[in-house]
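Undergrad: Dropping a structure here in structure tokens format, bear with me for questions.
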Amino acid sequence: MSSSAGDVHADKSAFPAPPAATGARALASGFDKLGVVMAVIAAAALALPFANFRPSRIGQAQGIDFIQALPTGLAWGSLVLLVLCLVALLRRSSPRVRLVLAVGALVLLAILIGLVPQVLIPPGNARPRVGPAAGFWLLAFSFAILLTDALVKLSLRPAQRVLALVLALAVFLAFLLSGHWNGLSIMKEYATNGSGFAANAVVHVTLALASLFGALVVGLPLGIICQRHRGLRGVVLPALNMIQTIPSLALFGLMIAPLTYLAKTYPLIEALGVHGTGSSPALIALFLYALLPVVSNTAIGLDSVSPNVVDAARGMGMTQWQRLFQVELPLAFPVILTGVRIVLVQNIGLATIAAWIGGGGFGVYVQNGMGATAIDLVLLGAIPTIALAFSAAIILDAIVDTLKGRHA
């Protein structure tokens, strides 16, 4: 009985699939899944407002669609080009072709959004504000995801990824310096409130890097000790993990009272620039947030070193300190650097909160923009923060991959 059932099963498998099913599979295999999803999002974006028009800085925004926001001929021609790009990206194709199409679409969007103020703002009237709307952001998001997917499929080497980042930043800077975006509301906010932009940028970067440096000075030795002593590891890591559960603004605020007391009680501390508000509590809060990734990745990295390698080093007559600095830490360094990447990206974002306690940084624009309900002023602080975090992630990822390749 079982043998005949097996024969029937074999006979069924011998029959070819129905032509309709075969055609459906062939059709599906010709499409890129991510391309389909992003094309749907982009198609929805084309139905949304491409730009926002406000009669004044804080006036009610009016959504303007793609065709109305641009000169008629240019609008229809650009729409056809974008649709053709999306149709081409629907199909499976070479990553290089997809890269060119995605880059071309993003550059086209950057050009188009800079032309919108010339169409919507009457000559000689400086009060109205024009900025990107949901349609523009969704279109840019869709093509940016497709661009990232193409870069991933190209399997670029670390140096090539950094070069791609430099080229992208160079194109962005070229648009800024050309004045093509000067009519946009975010650039008008920069013209009005940008006098301290460079100083706030320095403060923002300093907070992120200084807190990272402090975390490395404390966290590396603590991670080594935790790896050597399991009992201590079971106490330190949960305690540091508890700090991570405290909301950022709450932790920043918790620093105010003890630092104010110390500054008033000990004049030397106040003379060193430590106060209850400002950069001091922000720096300490960022330092505390940075400890867990550094300590845990140091311990995990040392755990990942093969015992056979350590035994071989011991057999060569190396001392404990020699094994640590010449063998274990170099092999664990890619994992440790991954923790550094997490900390730096995290602290670049969290440094924005420092403005709420007088710490400065790009958060000043976010705070002022939220207080004045001026979304473009919020973007003036948010976009540089995102760009910094994104750039730091790519550069450190490239360094980590380079080190892993050397140790492979």
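Undergrad: Determine the shape class of region 350-396: with a ≥ b ≥ c the square roots of the Cα gyration tensor eigenvalues, call it rounded for a/c under 1.5, and otherwise prolate if a/b is greater than b/c, oblate otherwise. Show your work: numbers first, answer last.
TA: On the way: a/c = 4.07, a/b = 1.66, b/c = 2.46.
Verdict is oblate for region 350-396.
Undergrad: Run the quick spin-label model on VAL202 and VAL152: label points 7 Å from Cα toward the beta carbon, then report their separation in nm to one decimal.
TA: Here the modelled spin labels are 4.0 nm apart.
Undergrad: Follow-up. If you take the square roots of the eigenvalues of the alpha-carbon gyration tensor of the chain and sort them as a ≥ b ≥ c, do you get rounded (a/c under 1.5), prolate (a/b over b/c) or oblate? List each step's numbers first, then the result.
TA: Values: a/c = 2.34, a/b = 1.09, b/c = 2.15.
Since a/c reaches 1.5 but b/c is at least a/b, the shape of the chain is classed as oblate.
Undergrad: Accessible area per residue for the chain in Å², computed with a 1.4 Å probe and the full protein assembly in place, what is it? It would help to have the intermediate numbers written out before the result.
TA: Values: 21300 Å² over 408 residues.
Per residue, the chain has 52 Å² of solvent-accessible surface.
Undergrad: Could I ask something else about it? Under 5 Å between amide H atoms, partner at least 5 residues away or on a different chain: which partners does GLY359 have, H built in plane at 1.01 Å?
TA: Amide H neighbours of GLY359, under 5 Å, 5+ apart: GLY278.
Undergrad: With the Cα gyration tensor of region 175-318 giving a ≥ b ≥ c as the square roots of its eigenvalues, does the rule (a/c under 1.5 for rounded; else a/b larger than b/c for prolate; else oblate) give rounded, prolate or oblate?
TA: Oblate, because a/c is 1.5 or more while a/b does not exceed b/c.
Undergrad: Could you run the Karplus curve 6.51 cos²θ - 1.76 cosθ + 1.60 with θ = phi - 60° over region 296-304 and give me ³J(HN,Hα) per residue in whole Hz, x for Gly and Pro?
TA: 5, 5, 5, 5, 5, x, 5, 5, 6
Undergrad: Same structure, new question: From the helices alone, meaning DSSP H stretches of at least four residues, give me the mean residue ellipticity at 222 nm for the chain, per-run term -39500 (n - 2.57), in deg cm²/dmol to the nearest 500.
TA: Details: 20 runs with 309 residues, N = 408.
Helix-only estimate at 222 nm: -25000 deg cm²/dmol.
Undergrad: Between THR265 and ASN241, what FRET efficiency comes out of the Förster formula 1/(1 + (r/R0)^6) with R0 = 41 Å and r the beta carbon distance, rounded to 0.05? Write down the numbers at each step before the final one.
TA: Working: r = 32 Å, r/R0 = 0.77.
In this case the efficiency is close to 0.85.
Undergrad: Something else: Mind checking the dipole of region 187-315: about its Cα centre, +1 per Lys or Arg Cβ, -1 per Asp or Glu Cβ, Debye to the nearest 20? Could the numbers behind the result be given before it?
TA: On the way: 6 positive and 4 negative charges, 41 e Å.
Roughly 200 debye for region 187-315.
Undergrad: Report, by chain and number, residues whose modeled amide H sits under 5 Å from the one on ALA51, excluding near sequence neighbours (fewer than 5 apart, same chain).
TA: ILE64, ALA133
Undergrad: Moving to a separate point now. List, in order, the whole-Hz ³J(HN,Hα) value for each residue of region 317-333 obtained from phi through the Karplus relation with A = 6.51, B = -1.76, C = 1.60 and θ = phi - 60°; use x for Gly and Pro.
TA: Computed from phi, the couplings for region 317-333 are x, 6, 6, 4, 5, 5, 4, 5, 7, 9, 10, 5, 5, x, 6, 7, 4 Hz.
Undergrad: Also: Treating the beta-carbon of each Lys and Arg as +1 and of each Asp and Glu as -1, no other charges, what is the dipole magnitude of the chain about its Cα centre, to the nearest 20 debye? Walk me through the intermediate numbers first.
TA: Numbers: 24 positive and 13 negative charges, 54 e Å.
Magnitude of the dipole: close to 260 debye.
Undergrad: Right, here's the next one. Which listed residue (GLY135, ASN200, LEU259) has the Cα farthest towards the positive end of the charge dipole for region 131-261, taking +1 on Lys and Arg C-beta and -1 on Asp and Glu C-beta about the Cα centre?
TA: Of the listed residues, the answer is LEU259.
Undergrad: Tell me, what % of the accessible area of the chain is carbon and sulfur with a 1.4 angstrom probe?
TA: Working: 15190 of 21300 Å².
Roughly 71 percent, rounded to a whole number.
Undergrad: Can you pull the accessible area of ILE224 for me, 1.4 Å probe, Å² to the nearest 10?
TA: In the full protein context, ILE224 sits at about 30 Å².
Undergrad: Pick out, in residue order, every one of the chymotrypsin sites (Phe, Trp or Tyr not before Pro) in region 281-349 that is DSSP loop and has at most 14 other C-beta atoms within 10 Å; say none if there are none.
TA: Details: sites: PHE287, TYR289, TRP321, PHE325; in loops: none.
When the chymotrypsin sites (Phe, Trp or Tyr not before Pro) of region 281-349 are filtered for loop state and at most 14 Cβ neighbours within 10 Å, nothing remains.
Undergrad: Right, next: Farthest toward the dipole's positive end in the chain, which of ALA398, GLY59, ILE284, given Cβ charges of +1 (Lys, Arg) and -1 (Asp, Glu) about the Cα centre?
TA: Among ALA398, GLY59, ILE284, the one farthest towards the positive end of the dipole of the chain is ALA398.
Undergrad: So how do CYS226, CYS85 rank on accessible area, 1.4 Å probe, biggest first, that is with the largest at the start? If you can, show how the numbers build up before the last one.
TA: On the way: CYS226 0, CYS85 25 Å².
From most exposed to least exposed: CYS85, CYS226.
The values are calculated or read from the model by the stated rules, or taken from the named source; none is laboratory data. Computed from a prediction, not measured in an experiment: that's the story for all the values here. We place every Cβ from the backbone using ideal geometry, glycine too, and count neighbours over all the protein chains shown. Ligands, DNA and RNA are excluded from the accessible area calculation, which covers all protein heavy atoms including side chains. Shrake-Rupley method; radii C 1.70, N 1.55, O 1.52, S 1.80 Å.
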